[in-house]
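Below is one structure; the comments refer to it alone.
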Amino acid sequence: MPSAYAILHGLCEDGGLYMPEVLPSLSLEEIQALCPLSYAERAARILSLFLTDFTYDELLEDTESAYAPDRFPLGATKIKSLSDMDVLELYHGPTCAFKDMALQLMPRLYLRAMKKCALDATALILVATSGDTGKAALEGYRDLPNIKIQVFYPTDGVSEIQKLQMRTQRGDNVSVVAIEGNFDDAQSGVKRIFSSAELRERLSRENVHLSSANSINFGRLVPQIVYYVSAYCDLLNEGKISLGERLNVTVPTGNFGNIFAAYVAKRCGLPLGTLVCASNDNDVLTEFFRTGTYDKNRPFFKTVSPSMDILISSNLERLLYLISGAERTRSYMESLLADGRYTLSRSELAAVREDFFGDCANEDETRATIRETFEKEKYLIDTHTAVAVYAAKRHRSVDKARMLTVSTASPYKFAPDVLLALGQMPKDGADALRCLSERTDTEIPVPLASLSTRAVRFHTVTKKEEMEKEVLVFARDQ
Ligand SMILES: *Cc1c(COP(=O)(O)O)cnc(C)c1O
């Protein structure tokens, strides 16, 4: 099965996730050969190892436009070296969060996949979002030919800044709808739409093909492998590591997509050491890596790092597959569905723990990490990154290998909570941005600074029962 098919369909017919039959290998010589190249060139080379039905030239054209300076004015990634770790900043894209790294590229791969699979239709991408994904998908798909994107966000549980980011979205092929309720209402609504044979039938009569953009799509995973390899090259270029030196990595984790990409990079040959999986109060993964039991039957906490408030980390299924094979993975996924839990065998747990270590930060520890990092290092981090920095420091105290900590969002994206962590009075919206800039003597990122002057284009607020209707109206809209 070619990778174009996996990108187009997202999920296998039996509900499983797509994975390559064999992982490609990346030698130290090949890593060294990537060092003088640009990010787009490195990306095209690495992607071509996985997407073998795409040509190098096709991939390079897409990576060059995805990571172009009009979208990433400061470059695709940056590394900030602190006293005890290097921080890989992945938030310099159009929405100021790391999801841009994949969602700027995946829509272009998707367009090519449509051509390769001879799908001559309009693709309608539906997204339910609690914040970051919706905006990043809107920016990624906007104004691409033969594609429309519709995003549903809940009225409750999305920050003012995030709402404004979505309601001012540009593009002729976009629609943004607020759903009365919480994230589950929006998500279950979208799931209902995807599983409605009748609606699909009606849409296909109008030559519209429904699709999703969520993080289980293989097309979102591969672009994330790139930045781990690229960061290793950057550290080599700066003389901070030597070729072959083991580099530990800490990733603030929710759906397990980002850290799984690091694991794939390691399995392919990138000299990574321990992968520290950092969670917030929703510490289901911490327990999993400590005990081998995944148990989602636990209280759900709303935290200051909302993009990590997750009880089912979907991409973990891919790790299970690589460790235990397809049959055991299927039975674990069945237990998860039926009982909300499963337990690895002792040997499987031992295998997982050779690569992973789980740790978590509570709300006070997260805020204290923001404050201390700013006071001691004059470096401002967001709430998600703070969870990772906390875990990375703890791991450094037992393992002195060089640590790369992944930073997933601009502190301005979560300005109210970052301000609180710095001991300021709570503020919201544009006030919070201004106040954070004054307090820390840092600049508001351009995409957020222009928000308050942009016109609000989307006003629709609807009940979850009306979502199908909104989809049909938008599908027919020219
Ligand atoms: C999505 C997100 C995460 C979690 O990434 P996963 O790939 O789902 O583990 C962490 N931080 C931020 C800011 C995010 O938007």
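The values are calculated or read from the model by the stated rules, or taken from the named source; none is laboratory data. Because the structure is predicted, anything quoted here is derived from the model rather than measured. Cβ: placed from backbone, ideal geometry, glycine included. Neighbour counts: every protein chain shown. Quick note on the areas: whole protein, heavy atoms, side chains included, nothing else; ligands and nucleic acids left out. Shrake-Rupley method; radii C 1.70, N 1.55, O 1.52, S 1.80 Å.
For the stretch 16-53, taking the residues that are of a type in the set (A, V, I, L, M, F, W, C) and over 23 Å from the mean Cα position of the chain (by Cα), the one that is nearest to P73 (Cα to Cα) is identified as L37. Checking R318, R290 one by one, the residue that is part of a helix (DSSP H, G or I), surrounded by fewer than 22 Cβ atoms within 10 Å (Cβ to Cβ) and at pLDDT 95 or above is R290 and no other. If only residues of the stretch 404-416 that are of a type outside the set (A, V, I, L, M, F, W, C) and not in a helix (DSSP H, G or I) are counted, the one that is farthest from the ligand (Cβ to nearest atom) is T405.
Results for (1) open to solvent by 30 Å² or more (accessible area, probe 1.4 Å); (2) among the hydroxyl-bearing types (S, T, Y); (3) at pLDDT 95 or above; (4) assigned to a loop (DSSP other than H, G, I, E, B), shown as yes or no for each residue.
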site: K191; (1), (2), (3), (4): yes, no, no, no
site: S211; (1), (2), (3), (4): no, yes, no, no
site: P223; (1), (2), (3), (4): no, no, yes, no
site: A231; (1), (2), (3), (4): no, no, yes, no
site: G239; (1), (2), (3), (4): yes, no, yes, yes
site: L243; (1), (2), (3), (4): yes, no, yes, yes
site: N258; (1), (2), (3), (4): no, no, yes, no
site: A262; (1), (2), (3), (4): no, no, yes, no
site: C277; (1), (2), (3), (4): no, no, yes, no
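F356 passes every criterion in (1) crowded, with 21+ Cβ neighbours inside 10 Å; (2) within 16 Å of the ligand (Cβ to nearest atom) apart from (1).
The sole residue among T453, T408, T385, T373 that is farther than 27 Å from N258 by Cα and either under 21 Å from the mean Cα position of the chain (by Cα) or among the β-branched types (V, I, T) (or both) is T453.
When residues in the stretch 417-430 are screened for being open to solvent by less than 80 Å² (accessible area, probe 1.4 Å), assigned to a loop (DSSP other than H, G, I, E, B) and aliphatic (A, V, I, L, M), 1 of them pass. Filtered by the rule that a residue be without any contact (Cβ under 8 Å) to a residue 40 or more places away in the chain and open to solvent by less than 60 Å² (accessible area, probe 1.4 Å), the stretch 167-189 gives G171, N173, V174.
Here is the figure for the stretch 304-344: residues that are under 20 Å from D14 (Cβ atoms), small (G, A, S) and in contact with an Asp or Glu (Cβ under 7 Å, 6 or more places away or on another chain) total 1. Against the criterion of being crowded, with 16+ Cβ neighbours inside 10 Å, away from the ligand (no atom under 16 Å from the Cβ) and either free of Cβ contacts under 8 Å to residues at least 40 places away in the same chain or assigned to a loop (DSSP other than H, G, I, E, B) (or both), S313 does not qualify.
Among the candidates T369, T343, the residue that is polar (S, T, N, Q), surrounded by fewer than 21 Cβ atoms within 10 Å (Cβ to Cβ) and on the phi < 0 side of the Ramachandran plot is uniquely T343. Would you confirm, using the coordinates I've provided, whether P94 is loosely packed, with under 15 Cβ neighbours inside 10 Å and over 22 Å from V264 (Cα atoms)? For P94, the condition - loosely packed, with under 15 Cβ neighbours inside 10 Å and over 22 Å from V264 (Cα atoms) - is not met. Assigned to a loop (DSSP other than H, G, I, E, B), open to solvent by less than 20 Å² (accessible area, probe 1.4 Å), in contact (Cβ under 8 Å) with a residue 60 or more places away in the chain and closer than 30 Å to S83 by Cα: is that true of L433 in this structure? Against the criterion (assigned to a loop (DSSP other than H, G, I, E, B), open to solvent by less than 20 Å² (accessible area, probe 1.4 Å), in contact (Cβ under 8 Å) with a residue 60 or more places away in the chain and closer than 30 Å to S83 by Cα), L433 does not qualify. In the set (1) touching a residue at least 40 places away in the same chain (Cβ under 8 Å); (2) among the basic types (K, R); (3) away from the ligand (no atom under 14 Å from the Cβ), the condition left unmet by R220 is number (3).
Of all residues in the stretch 12-52, those being among the charged types (D, E, K, R) and surrounded by 15 or more Cβ atoms within 10 Å (Cβ to Cβ) number 4. Kindly indicate whether any position in the stretch 111-132 is within 23 Å of Y228 (Cβ to Cβ) and within 14 Å of the chain's Cα centre (by Cα). Scanning the stretch 111-132, I find at least one residue that is within 23 Å of Y228 (Cβ to Cβ) and within 14 Å of the chain's Cα centre (by Cα), so the answer is yes. Checking A386, A401 one by one, the residue that is open to solvent by less than 50 Å² (accessible area, probe 1.4 Å), of a type in the set (G, A, S) and in a loop (DSSP other than H, G, I, E, B) is A401 and no other.
Among the helices (runs of 4 or more DSSP H) contained in the stretch 67-166, which hold 1 or more residues that are more than 14 Å from the ligand (Cβ to nearest atom) and in contact (Cβ under 8 Å) with a residue 60 or more places away in the chain?
106-116, 132-141
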